[in-house]
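Visitor: Provided herewith is a single structure, encoded as structure tokens, for subsequent inquiry.
The values are calculated or read from the model by the stated rules, or taken from the named source; none is laboratory data. Please read these numbers as outputs of a predicted model, since none were measured by experiment. All Cβ positions, glycine included, derive from the backbone under ideal geometry; neighbour counts span all protein chains shown.
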């Protein structure tokens, strides 16, 4: 599923989140329950060429743990990573961790095994097609393949994309291609977007739950669109987005966590 196109409103009209903090803090304190949805890479941690080298800031880790333990908070991290990898990198057992764009953690294991068989065939073909392309590497996520190109030249990226599209032709309409920040992901059609995962989590929470959604990538747009009455925050360079607010980088996301904790415990006091 392709996320709906963001609204045409110019990105420079999206206010910085902290500029609107007094009003948002009031909404936070008055909410019966708060659901916090975060992307991981590029949001809670800076982007790196290899996901395996990413380390969560110790203070961010402690903030997330304390927020996850708050009696009025549901903390959910939704990532394109595998769920087991996400859990290790996050290290917050109280948080809901959903991998593969929210699909892993909700789908039956039997369906995962069937999809891995198809994706394994694609992996073998792409390993041959993309061999020798400097800066291009394939990440096997089981039911999803990630083709990273952060270290590749523009000419190499164009060539690799052409080869990727040709390689996927025999597998249509079973697979789809999802573009993110310096990554293409090959997914089975039945793996939905992050917005579907957000809606499913919210269905199990009280109707008066206030949702906060924070992400940096185009793959997070579906999360923003899923909560039109929530607080939605795009992290990074300003661009067209479904999000109502923006933050500049993961450093400002850390400050957001601090502010969230202060307001939540202020009400409790």
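Visitor: Being in contact with a strand residue (DSSP E or B) (Cβ under 9 Å, 6 or more places away or on another chain) and modelled with pLDDT under 95 is the filter here; which residues of region 29-40 pass it?
Guide: Pass one, region 29-40, residues in contact with a strand residue (DSSP E or B) (Cβ under 9 Å, 6 or more places away or on another chain): 30-40.
If the condition is that a residue be in contact with a strand residue (DSSP E or B) (Cβ under 9 Å, 6 or more places away or on another chain) and modelled with pLDDT under 95, then 30, 31, 32 are the ones that fit.
Visitor: Okay, moving on. Under the condition of being touching a strand residue (DSSP E or B) at 6+ places or on another chain (Cβ under 6 Å), modelled with pLDDT of 95 or more and assigned to a helix (DSSP H, G or I), which residue from region 47-85 is surrounded by the fewest Cβ atoms within 10 Å (Cβ to Cβ)?
Guide: Selected residue: 68.
Visitor: Answer yes if at least one residue in region 211-228 is in contact (Cβ under 8 Å) with a residue 12 or more places away in the chain and more than 16 Å from the chain's Cα centre (by Cα), and no otherwise. Talk me through it step by step, then tell me what you get.
Guide: First, the residues of region 211-228 that are in contact (Cβ under 8 Å) with a residue 12 or more places away in the chain: 211-227.
From the residues that got through so far, the ones that are more than 16 Å from the chain's Cα centre (by Cα) too are none.
For region 211-228, residues in contact (Cβ under 8 Å) with a residue 12 or more places away in the chain and more than 16 Å from the chain's Cα centre (by Cα): absent.
Visitor: Answer yes if at least one residue in region 89-96 is over 17 Å from residue 182 (Cα atoms), at pLDDT below 90 and surrounded by fewer than 16 Cβ atoms within 10 Å (Cβ to Cβ), and no otherwise.
Guide: Filtering region 89-96 for residues over 17 Å from residue 182 (Cα atoms) gives 89-96.
From what's left, at pLDDT below 90: none.
No, every residue in region 89-96 fails to be over 17 Å from residue 182 (Cα atoms), at pLDDT below 90 and surrounded by fewer than 16 Cβ atoms within 10 Å (Cβ to Cβ).
Visitor: Could you check, for region 244-264, whether at least one of its residues is in contact (Cβ under 8 Å) with a residue 24 or more places away in the chain, within 27 Å of residue 32 (Cβ to Cβ) and in a loop (DSSP other than H, G, I, E, B)?
Guide: The answer is yes; a qualifying residue exists.
For every residue, the table says whether it meets (1) over 26 Å from residue 84 (Cα atoms); (2) in the same structural domain as residue 219 (by TED's automatic domain parsing); (3) at pLDDT below 85; (4) in a helix (DSSP H, G or I).
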residue	(1), (2), (3), (4)
117	no, no, yes, yes
122	no, no, no, yes
139	no, no, no, no
156	yes, no, no, yes
166	yes, no, no, yes
169	yes, no, no, yes
184	no, no, no, no
